[in-house]
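Student: The structure's right below; bear with me while I get my questions together.
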Amino acid sequence: MAICAVHVHGLAGVVLPDGYELRCYRPSDTDSLTATLRASGFGDWDAARVLAYLDDPDRRAGSAVVAFDGRVVASTFASRMSSDRVSPLTGKPGEPQREGVLDYVATHPDHRGRGLGRATCTAVSHYLVEQGCEMVSLLTDDWRLPAIHLYLSLGYEPVMNRADMPGRWARVRTVLERLGRAHA
């Protein structure tokens, strides 16, 4: 899925419920961030992997977390394409610093439905565009229907970069419609 910088500029900030704080990652967040990632389906993450992943200064600065009672309950990481990676949009190597990527969008199950994922995705999308990215992309799985609904509602569009994509997206949209979560 992808969104161009022009559309990111149109994304409004999100007002969080009382008690929630949108901010950057702090080293003291490692344990609660790890717990949120694991509870959100990223079961192979541990503190060492979080620290290694956030070792990149740009990724750390551009990542967003939502804290509640001092614990991270939602997160989204910022990455950028480099020339040795293949773009999920074109299937060609990315241009350094031009394509931003949303990675590992996660909200703890106990805190879902409060706009926390919207807040972190919006913040990271804005960060990436402010850093000069012309588009922001993400990869997701067909079964992550609430996340897909969120991405579509933010303006991210499916990328049809493989022959099976139109059929897969038709099935996803049908299920979203059946769940009452259809989005234009």
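The values are calculated or read from the model by the stated rules, or taken from the named source; none is laboratory data. Note that the structure is a prediction, hence the values are computed from the model and not measured. Note that each Cβ is placed from the backbone with ideal geometry, even for glycine, and that neighbours are counted across all protein chains shown.
Student: Going residue by residue through segment 36-52, is there one that turns out to be closer than 16 Å to Val105 by Cα, β-branched (Val, Ile, Thr) and in contact with a strand residue (DSSP E or B) (Cβ under 9 Å, 6 or more places away or on another chain)?
Tutor: yes
Student: Based on what the data block shows, is Thr140 among the polar types (S, T, N, Q), within 15 Å of the chain's Cα centre (by Cα) and modelled with pLDDT of 95 or more?
Tutor: no
Student: Do we have any residue at all in segment 150-165 that's exposed (fewer than 13 other Cβ atoms within 10 Å of the Cβ), modelled with pLDDT under 90 and assigned to a helix (DSSP H, G or I)?
Tutor: Looking for residues that are exposed (fewer than 13 other Cβ atoms within 10 Å of the Cβ), modelled with pLDDT under 90 and assigned to a helix (DSSP H, G or I), one finds at least one in segment 150-165, hence yes.
Student: So in segment 1-20, with the set limited to residues that are out of contact with any Phe, Trp or Tyr (no Cβ under 6 Å at 6 or more places or on another chain) and surrounded by 13 or more Cβ atoms within 10 Å (Cβ to Cβ), which one is farthest from Glu130 (Cα to Cα)?
Tutor: That would be Leu16.
Student: Of these, Val14, Val65, which one is modelled with pLDDT of 95 or more, touching a helix residue (DSSP H, G or I) at 6+ places or on another chain (Cβ under 7 Å) and under 12 Å from Ala119 (Cβ atoms)?
Tutor: Val65
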